[in-house]
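K.L.:
A single structure is presented below for examination.
The values are calculated or read from the model by the stated rules, or taken from the named source; none is laboratory data. Worth saying up front: this structure is predicted, and the values here are computed from it rather than measured. Here the Cβ positions follow ideal geometry from the backbone for every residue, glycine too, while neighbour counts run over all protein chains shown. Each accessible area value is taken on the protein alone, full model and side chains, heavy atoms only, with ligands, DNA and RNA left out. Shrake-Rupley method; radii C 1.70, N 1.55, O 1.52, S 1.80 Å.
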Amino acid sequence: LRALPVLRHYGVPGTLFIATGNVASGEAYWWDVLYRERLRSGASLAEIVAERQCLKALCNADIKARLRGLFGDAAMAPEGDVDRPLTVAELQELAAEPLATLGNHTVSHELLTKVPLEQARQQINDCQAMLKEWTGTAPRIKTLALPSGCSACI
C-alpha cells in the first residue's frame, strides 16, 4: 500500500505479485518471523541470512513447523504493519487502482522447483483463483513471479 502514493506521484504503473496463502491466513511470512525472532536473540544479520538459506532447502510447511518449534505458535502472528500480509480489503483497493496490477506469486510462496509438477500447477492455479475471488478479476498479466526470484529468498 505504501507503493500507491509513489505510483500516483510519478504516474507510473506497478505490478505487485501476491502470495495469497498468507493473505488468507493472516500469518506473517516465515522469513519475517525468522528475522524478528533471531534479532531478539541477538543474532547477527549474517547469521540470520545463513539460517534463512538453510531453511530454504525445506518446503514451506516444514519451515513453518521448525519456526513454531523454535519460537512457539504465537511467533507466526504479525506484530505490526511491517510484518503482516495485506488483507483482502487492501487487495481490493489495489485492484481498483488503475496504476497497480496484481500478479500471481503462488499460494504459499513455495519454491516451485522443490515440489512435484502437479503441486506447482496447483500453487499457481489456486493463487489465480483466490485473487479472482477476492478482487473480481484474475490477474491481467500472463506472467508469474517465481518465489525463488523474490528478494526475500535471495
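K.L.:
For region 6-32, name all the residues that are aliphatic (A, V, I, L, M), in contact (Cβ under 8 Å) with a residue 12 or more places away in the chain and exposed (fewer than 12 other Cβ atoms within 10 Å of the Cβ).
P.N.:
Hit for region 6-32 is 12, nothing else.
K.L.:
Okay, moving on. Search region 91-106 for residues being open to solvent by 30 Å² or more (accessible area, probe 1.4 Å) and under 25 Å from residue 122 (Cβ atoms), and hand back the single one that is modelled with the lowest pLDDT.
P.N.:
By that ranking, first place goes to 95.
K.L.:
Would you point out the residue of region 58-78, among those that are more than 16 Å from the chain's Cα centre (by Cα) and touching a residue at least 24 places away in the same chain (Cβ under 8 Å), that is most open to solvent (accessible area, probe 1.4 Å)?
P.N.:
70
K.L.:
While we're on this one: Which one is nearest to the chain's Cα centre (by Cα), of the residues in region 33-51 that are touching a residue at least 24 places away in the same chain (Cβ under 8 Å) and crowded, with 18+ Cβ neighbours inside 10 Å?
P.N.:
My answer is 33.
K.L.:
Being part of a helix (DSSP H, G or I) and either over 22 Å from residue 127 (Cβ atoms) or in contact (Cβ under 8 Å) with a residue 12 or more places away in the chain (or both): is that true of residue 86 here?
P.N.:
Judged against the criteria, residue 86 is not a match.
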